[in-house]
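The next block holds one structure in the form of structure tokens; read it before the comments.
Only the coordinates and a few stated rules stand behind these numbers; no lab work does. None of these values were measured; they are calculated from a predicted model. Quick reminder, even Gly has a Cβ in these numbers, built from the backbone with ideal geometry, and neighbours come from all protein chains shown.
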Amino acid sequence: MSAPPAAPRVAVVTDSTASLPADLVAAHDLTVVPLQVVVGADAYDEGSPEATPEAIAAALRDFRPVSTSRPAPEVLREVYRRLAAQGADQIVSVHLSGDMSGTFESAQVAARDAAVPVVCVDSRQVGVATGYAALAAARAVAAGATAEEAGAAARHQADACASFFYVDTLEYLRRGGRIGAAAALLGGALAVKPLLTIDAGVVSSLERVRTSGRALARLAELAVAAAGEAKVDVCVAHLASPERAATLAASLADRLAEQLDGREVWCAEVGAVLGAHVGPGMIAVCVASRLMIDVD
């Protein structure tokens, strides 16, 4: 009797906006493709010494021109070629919302010429919510899934994430053209503290508050409501606001202790690309319902 065919070797790719710690990237054998941040006339890969969150926050405060750029299809094409040469039979490529960046489109273009099948996933999310989706794909692959099945797992996890964030001003989102359905808050509302969410792949407004303290309190309330009674993973992110982020993370760790089931609340600074669009002072929280396989 002949042996059953070996399961395909599936590689998982994501992009730098997924905001995953290096140890998780290594543990789940993820390949991370950097976006670029452009300061003045100089472009840097996210994660390079010149494109740290601190450097971007300083550039924004100094009113230096800051923009971002997707990876070109050629960059992703080379990543797919390298993974195939290393033995991958299939690839699943999980990226931030296609309505917020051209990264997903670059992945689709690159996939057409790849030597192996590539399943491209538009997470319809931003930041660590995309990271949770990529981790779901990696866990599915580790359990024997094909690229199609891993892509479905990524989409399912992305749909099970809720992201809320507060910005000191909408100005940076306005400059970058990423304000989406939150545009109604512009004009005379720039003085208020907007609470925003990601809805159907774009930034949408939730409500306005008058003080940063009230904004943090509402973020906690929104996160607790999103968690409900489910087991969840929670991440708090910030740009140049570590004390406020730590305070929110500690509050959520206490209020969601049962739902966290022994897990810590991640607390980290966002990368340069996301930071360029939200500006110093941003605080975000992502609540991800735990699905079939835990995040390590």
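Ellipsoid semi-axes for the stretch 46-92, based on the Cα gyration tensor and the rule √(5λ), read 34, 11, 7 Å when sorted largest first.
Within the chain, the longest run free of GluC sites (Glu not before Pro) that sit in a DSSP loop with at most 16 other Cβ atoms within 10 Å is 51-228. Give the Debye-formula value of log10 I(q)/I(0) at each listed q (0.12, 0.15 Å⁻¹), with one equal scatterer per alpha carbon of the stretch 161-289, two decimals each. With one equal scatterer per Cα and no solvent, log10 I(q)/I(0) is -0.41, -0.64. For the stretch 1-110, chymotrypsin sites (Phe, Trp or Tyr not before Pro) are listed when DSSP marks them as loop and at most 10 other Cβ atoms sit within 10 Å of their Cβ; the list is 63. Computed over the stretch 33-117, the range of Cα coordinates on each principal axis works out to 47, 26, 19 Å, biggest value leading.
The simple spin-label model puts a point 7 Å past each Cα toward its Cβ; for residue 82 and residue 142 those points are separated by 2.3 nm. Just so you know, the Cα atoms of the chain work out to an Rg and Dmax of 19.0, 75 Å.
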